[in-house]
Amino acid sequence: MSRHIFLGFLLCAGGVLLSGCKTLEVVSQVGATVGQATGAISEQEADSLRRSGKAVAKTFEAITPEQEYYIGRAVGATVVNTYSPYDDEAATRYINLLGQTLAQASDKPETFGGYHFLVLDSDEINAFSAPGGLIFVSRGMLRLCKDEDDLAAVLAHEVGHVQFQHGLRAIKKSRLTSALTILAAESAKSFGGQELAQLTEAFEGSISDITSTMMNSGYARKLERQADEAAVTIMQRVGYDPAALVDVLHEMKKQLKPGGHDFAKTHPDPDDRIKDIREILRTSGPVDRPPQRQKRFEENLGAI
């Protein structure tokens, strides 16, 4: 059995058995031992296969808070490479104060790196969150909000995504490709040259796929409903009017253009969400919106 054929066989076996990560680790361990004994691979390659099996097994374990933090940082770096941060100290301080208040009222008040809120210098109407608590809101979205309760609705919804780790769910779906890439890269360490370059390119592509899912594909209606339910709870705990969620969606419906690159692309139809939110709010009574909030809102975001 040639070295290339043997390694290819292990990769194919991994593809079939990857649904059981412990099984894949066993395959790698046995394959490395047999391959070394028969002379198909070197001792160095056998050790590499054993390490890769363990790496793939760990890939499918629960992601730790530290890992979530670093994944979120990578996604955040992609976001700010696409959209420039808005340089307004008052606005940044304001949305962080409001956002932190809402986050503390969520079912996940703490993350490894803490919550951070950033205004993006973009006219697009959008907001999204990265794993670990990095939350981004565009100037276009801020201009759409009429008062502090509207803004609280937007931020609480994104906190809800972080609370339920919706971003990690999207990443986990893409990690199968990454796992196989790790296995291939580890197995090919002794090859070098064009094969290794291609494997490196494939790995970088898988990371790109992850960030693309976060920024472009958006979440299914079920996950958006979960985030809206969390937002309602958070706003009620803090004293904001949860009906502001409906107000914001109505305004979005008026301003969004079908097929655009903003909220319309990354979120379900506003009518669907409005219907779901009204069902959630059916037992809720009216909530006052004190004038002090409006004054605070205008003082900090008037220049947006």
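Throughout, read-outs are computed from the coordinates displayed, never taken from laboratory work. On a predicted model such as this, the values are computed, not experimentally measured, just so you know. Neighbour counts run over all protein chains shown; Cβ positions are idealised from the backbone, glycine included.
Structure notes:
- Sum of side-chain charges, residue 112 neighbourhood, beta-carbon under 14 Å (Lys, Arg +1; Asp, Glu -1): -1
- Gained length - residue 296 relative to residue 281, 0.36 nm times residue gap less alpha-carbon distance: 2.7 nm
- Taking amide H as placed 1.01 Å from N in the peptide plane, residue 134 has its amide H under 5 Å from the amide H of 116, each at least 5 places away in sequence or on another chain.
- Over 22 Å apart at the Cα level, from the set 108/146; 254/295; 222/275, are 108/146; 254/295.
- Label reach from residue 70 (point 7 Å along Cα→C-beta): in the stretch 120-160, amide nitrogens under 16 Å belong to 131-132.
- Each label point was placed 7 Å from the Cα along the Cα-to-Cβ direction; for residue 87 and residue 220 their separation is 4.4 nm.
- Total formal charge among the other residues, if their Cβ is under 12 angstrom from that of residue 155, Lys/Arg +1 and Asp/Glu -1: -4
- Charge tally in the Cβ shell below 15 Å around residue 84, where Lys, Arg are +1 and Asp, Glu are -1, residue 84 excluded: -4
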